[in-house]
Amino acid sequence: MTCHLRVLGCSGGIGADLRTTSLLLDDHILIDAGTGVGDLTLDELRNIDYVFLTHSHLDHICSLPFIADAVGGSRDKPLKVYGIYETIHALQEHIFNNVIWPDFTKIPDAKHPFITLHLLEIHEPIKLGAITITALPVDHSIAANAYAICSDTGTLVFSGDTGVSEDFWQAVNQQKQLKHLIIETSFLDQEEVLAVISGHLSPSLLASELRKLDPNTCHPDAKIWVCHLKPDGGDAIMQEIDTHANNLSIKPQKLLRGLTLSF
């Protein structure tokens with residue numbers, strides 16, 4: 001079965017038509033819950049059954065509380081939210097704590113909540129019908145993970161937020177028929193020190209990391225997409241990426257809101 005991933009948001013910030021990270025898989029699985037979720041209709045929100053979070057930074061989780069508030073009462077089952085321990089703990093301590101937001105894991109009551117929180121482990125596959133979602137390791141400023149999403153016809157890997165990471169590429173190179181790799185780049189080369197400190201990539205770091213990708217892992221028509229570009233520097237970042245792309249077997253392209261990737 002072919003899967004379809006709709007890009008609701010893929011920017012490193014907001015402004016004008018920019019939305020932060022949120023990817024909708026086959027209409028019922030959300031990968032991260034940034035501001036792009038806000039463009040969905042109520043019926044589309046009600047159709048989401050699962051949310052897989054890469055980490056707890058606000059640009060990746062900010063719409064999750066609003067989903068619960070908007071459609072929790074009109075769903076017949078709770079929204080299942082998955083993440084590694086640190087991500088789930090952050091939601092419990094800092095979001096659904098009855099201070100920042102009501103605790104929808106206990107509303108309307110503990111036996112019938114709007115949201116349930118579920119721990120996952122790195123490299124642990126979660127099978128949802130014909131789709132398998134596996135958390136992969138990354139290196140960010142806080143505990144975080146990537147995801148490999150596998151269908152019957154191919155694989156898509158989404159890096160989430162990451163800097164230089166050997167473990168990530170070892171995991172990516174174990175995938176089969178990689179059709180799409182979505183990877184972040186947040187800073188210009190002149191800001192590389194800031195990129196390293198904050199657990200992100202610059203164009204030169206991206207090029208160096210992409211050389212670790214095993215071509216044997218890739219589908220013949222594999223594509224590489226760049227996300228998490230800063231709102232005030234995205235075009236300049238892509239220009240720098242282009243200057244580093246000459247020696248790469250697959251030229252990275254800019255991921256765009258509204259794009260649908262099939263695999």
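The values are calculated or read from the model by the stated rules, or taken from the named source; none is laboratory data. If you're wondering where the values come from, they're calculated on a predicted model, not measured in any experiment. Cβ sites come from the backbone with ideal geometry, for glycine too, and all protein chains shown count toward neighbours.
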Per the filter on the stretch 223-243, residues buried (at least 20 other Cβ atoms within 10 Å of the Cβ) and either farther than 21 Å from Arg19 by Cβ or in contact with a helix residue (DSSP H, G or I) (Cβ under 8 Å, 6 or more places away or on another chain) (or both) are Ile224, Val226, Leu229, Ile237, Glu240, Ile241
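Just give me the residues in the stretch 93-127 being of a type in the set (S, T, N, Q) and either over 25 Å from Leu25 (Cβ atoms) or out of contact with any strand residue (DSSP E or B) (no Cβ under 8 Å at 6 or more places or on another chain) (or both), in sequence order.
Keep residues of the stretch 93-127 that are of a type in the set (S, T, N, Q), which gives 97-98, 105, 116.
Residues satisfying the conditions are Asn97, Asn98.
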Could you grab me the full set of residues in the stretch 216-263 that are modelled with pLDDT under 95 and in contact with a Ser or Thr (Cβ under 8 Å, 6 or more places away or on another chain)?
-> Lys230, Pro231, Gly234, His244
Residues that are in contact with a Leu (Cβ under 7 Å, 6 or more places away or on another chain) and at pLDDT below 95, drawn from the stretch 73-119 = none
When Lys106 is run through (1) more than 28 Å from Glu184 (Cα to Cα); (2) touching a residue at least 12 places away in the same chain (Cβ under 8 Å); (3) of a type outside the set (Phe, Trp, Tyr), the failure sits at (2)
Could you check how many residues of the stretch 27-53 are surrounded by fewer than 21 Cβ atoms within 10 Å (Cβ to Cβ), out of contact with any strand residue (DSSP E or B) (no Cβ under 6 Å at 6 or more places or on another chain) and outside any helix (DSSP H, G or I)?
-> 5
Name the pairs whose Cβ atoms lie under 9 Å apart, with the first residue in the stretch 40-60 and more than 17 Å from Ile29 (Cβ to Cβ) and free of Cβ contacts under 8 Å to residues at least 60 places away in the same chain, the second of a type outside the set (Gly, Ala, Ser) and assigned to a helix (DSSP H, G or I), and 6 or more positions between them or separate chains?
-> Leu42/Val71; Asp59/Thr35
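For Glu209, are the conditions met, namely being touching a residue at least 40 places away in the same chain (Cβ under 8 Å), at negative phi, charged (D, E, K, R) and in a helix (DSSP H, G or I)?
Numbers: touching a residue at least 40 places away in the same chain (Cβ under 8 Å): yes; at negative phi: yes; charged (D, E, K, R): yes; in a helix (DSSP H, G or I): yes.
Yes, satisfied.
From the set of residues in the stretch 137-165 that are aliphatic (A, V, I, L, M) and not in a loop (DSSP other than H, G, I, E, B), which is nearest to the chain's Cα centre (by Cα)? Show your work before the answer.
Restricting attention to the stretch 137-165, the residues satisfying the condition of being aliphatic (A, V, I, L, M) are 138, 142-144, 146, 148-149, 156-157, 164.
Adding the requirement that they be not in a loop (DSSP other than H, G, I, E, B) leaves 146, 148-149, 156-157.
Details: Ala146: 7, Ala148: 10, Ile149: 11, Leu156: 11, Val157: 9 Å.
So, considering only residues that are aliphatic (A, V, I, L, M) and not in a loop (DSSP other than H, G, I, E, B), the one nearest to the chain's Cα centre (by Cα) is Ala146.
Might you check whether a residue that is assigned to a loop (DSSP other than H, G, I, E, B) and without any contact (Cβ under 8 Å) to a residue 12 or more places away in the chain occurs anywhere in the stretch 83-94? Outline the logic, then answer.
Of all residues in the stretch 83-94, those assigned to a loop (DSSP other than H, G, I, E, B) come to 84.
Retained after the next criterion (residues that are without any contact (Cβ under 8 Å) to a residue 12 or more places away in the chain): none.
So far as the stretch 83-94 goes, no, none of its residues is assigned to a loop (DSSP other than H, G, I, E, B) and without any contact (Cβ under 8 Å) to a residue 12 or more places away in the chain.
Going by the structure shown, is Gly160 in contact (Cβ under 8 Å) with a residue 60 or more places away in the chain and more than 22 Å from Gly9 (Cβ to Cβ)?
Numbers: in contact (Cβ under 8 Å) with a residue 60 or more places away in the chain: yes; more than 22 Å from Gly9 (Cβ to Cβ): no.
So Gly160 does not fit the description; no.
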